[in-house]
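> This structure is in structure tokens; I'll ask about it shortly.
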Amino acid sequence: MTQQLNERIAAMIGPSVESMGYDLVRVSFTGGRKAVLQIMAERTDRTQMTVDDCADISRAISLILDVEDPISGEYNLEVSSPGIDRPLVRPEDYDRFSGFEAKIELEVPVDGRKRFRGEVLGAAEDGTVAIEQDGEKLSFPFAAIRTAKLVLTDALIDAAERGEI
């Protein structure tokens, strides 16, 4: 249910966000007493996001969300950049961040394990992504990944400081 809602909201706001010069990275709704709709976006030119960027996106998508009303009840809207230790949510993220370390959690265990950590090797045409862990290449179907995010390492920080990512 929540994944369907996230996908519906992404489809609803995505064109507007993209027309403003941003890529929609992730939509995540967390229900409960203090419900939160988190929108993660980045600039298409890959320059650093500013508070003004987040405010512009927030204003634009608030109008869409008010009209479409996909969430019943009250919630807080949070718009942010993915940050340096960002989630990997699209197959192209695995190509873009190839060479950096990531943590991956799968929906179902592979060889008795759900959690893996290693160097990102990229995405393949067959719908898999690969990492290298302890000298061994491991591949997973992209659809089997529950969560994945970059690990904050010196190499990642250095690349960010040089403006390479």
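The values are calculated or read from the model by the stated rules, or taken from the named source; none is laboratory data. These figures come from a predicted structure and were not determined experimentally. Virtual Cβ from ideal backbone geometry, glycine too; neighbours counted across all protein chains shown. For accessibility, only protein heavy atoms count, side chains too; no ligands or nucleic acids. Shrake-Rupley method; radii C 1.70, N 1.55, O 1.52, S 1.80 Å.
> With everything on Cα atoms, drop me the angle between helix 51-68 and the longest principal axis of the chain, reported from 0 to 90° to the nearest 10.
The two axes meet at around 60 degrees.
> Then there's this: Please work out how much length the chain gains when fully extended from S19 to D111, using 0.36 nm per residue of separation minus the C-alpha to C-alpha distance, in nm with one decimal.
Residue separation times 0.36 nm, minus the Cα-Cα distance, leaves 28.8 nm.
> If packing is taken as the average number of other Cβ atoms within 10 Å across a peptide's residues, how do 111-123, 81-93, 63-75 rank, most packed first?
Highest to lowest by the protection proxy: 81-93, 111-123, 63-75.
> Right, another one. Note the listed values (i) 25.8, 77; (ii) 16.9, 52; (iii) 16.0, 66, then indicate which one is Rg and Dmax of the Cα atoms in Å calculated from this particular structure.
(ii)
> Beyond 21 Å between alpha-carbons counts as too far, so tell me which of K103/K137; K114/K137; K34/K149 fall in that bin.
Going by Cα-Cα distance, K34/K149 fall outside the 21 Å limit.
> In addition: Kirkwood hydrodynamic radius (Cα pairs, Å) of the range 26-103?
When all Cα pairs of the range 26-103 are included, the Kirkwood radius is 14.2 Å.
> What accessible area per residue, rounded to a whole number of Å², is obtained for the chain using a probe radius of 1.4 Å?
Counting only protein heavy atoms, the per-residue value for the chain is 59 Å².
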